[in-house]
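Down below is the structure, laid out as structure tokens.
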Amino acid sequence: MTTLYGPAEIVIGMNDSISRVRLFDGPLDLKWHHCATTSDFIADMFALPYHSSRNDYREVRHNIGYLVNELIENAVKFREPGEIMVEASMDQDSFKVKVSNVVATQTAAAFQELLSEITVGDPGDLLIERIEANAADPEASGSGLGLLTLMSDYGARLAWIFSPVDDGKRVHVETFATIPVSQSH
């Protein structure tokens, strides 16, 4: 059964002008530095229309880079072997991205449980609660701090679609995100 977390309008919000980047497993193996390199490339590419204003360019590039890096890092950290697909588009009001990968069924279940907690309520309040909980338990992981930071500090709107893979052992996860971009260019 396919399951949606977050607002449905985000998952149908990609326009026709989509750029795609595929990260494949291979002799280099997917590691953390691939996340930063890929997110920097995407941020540079999509911030180019803002080059006439140095401040706008830097802000848009930083926001897109932070968002994409967080989503790719999560995909790399929790994935099963296979590719990660990054699809992105931008209009004058917002940058949109979708990151797709496959995770183990138990990983998907734990993530869905986390999403049930962090997608209700005010992201700013939840972020503070999670920071306090992590300070109390330094061994805690998978707290959703990165996602809450995106929602609280960057105005990101996020949604996820979980679809079972035919083998019954894995789940295809699509993470959708949109953030506002400056309109002063």
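Condition check for Ala109 on (1) free of Cβ contacts under 8 Å to residues at least 12 places away in the same chain; (2) outside any helix (DSSP H, G or I): one failure, at (2).
Can you tell me how many residues within the range 131-161 are assigned to a strand (DSSP E or B) and either modelled with pLDDT under 90 or over 14 Å from the mean Cα position of the chain (by Cα) (or both)?
Matching residues across the range 131-161 total 0.
State whether the residues of the range 82-102 include one that is out of contact with any Lys or Arg (no Cβ under 7 Å at 6 or more places or on another chain), surrounded by fewer than 20 Cβ atoms within 10 Å (Cβ to Cβ) and among the aromatic types (Phe, Trp, Tyr). Scanning the range 82-102, I find no residue that is out of contact with any Lys or Arg (no Cβ under 7 Å at 6 or more places or on another chain), surrounded by fewer than 20 Cβ atoms within 10 Å (Cβ to Cβ) and among the aromatic types (Phe, Trp, Tyr), so the answer is no. In the range 44-93, of all residues being in contact with a Phe, Trp or Tyr (Cβ under 8 Å, 6 or more places away or on another chain) and assigned to a loop (DSSP other than H, G, I, E, B), the one that is farthest from Gly168 (Cα to Cα) corresponds to His51. When restricted to residues that are over 15 Å from Asp153 (Cα atoms) and assigned to a helix (DSSP H, G or I), the range 115-128 contains 3. Residues in the range 67-81 that are crowded, with 21+ Cβ neighbours inside 10 Å and touching a Cys at 6+ places or on another chain (Cβ under 6 Å): Ile72 alone.
Okay, residues lined up against (1) in contact with a helix residue (DSSP H, G or I) (Cβ under 9 Å, 6 or more places away or on another chain); (2) at pLDDT 95 or above; (3) buried (at least 20 other Cβ atoms within 10 Å of the Cβ):
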position: Leu23; (1), (2), (3): yes, no, yes
position: Asp56; (1), (2), (3): yes, no, no
position: Asn63; (1), (2), (3): yes, yes, yes
position: Leu114; (1), (2), (3): yes, no, no
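Set side by side, the residues Ala47, Ala108 differ, and just one is more than 17 Å from Gly6 (Cβ to Cβ) and either of a type in the set (A, V, I, L, M) or crowded, with 17+ Cβ neighbours inside 10 Å (or both), which is Ala47.
The values are calculated or read from the model by the stated rules, or taken from the named source; none is laboratory data. Nothing here was measured: the structure is a model prediction, and the numbers come from that model. FYI the Cβ positions are ideal-geometry reconstructions off the backbone, even for glycines, and counts take in every protein chain you see.
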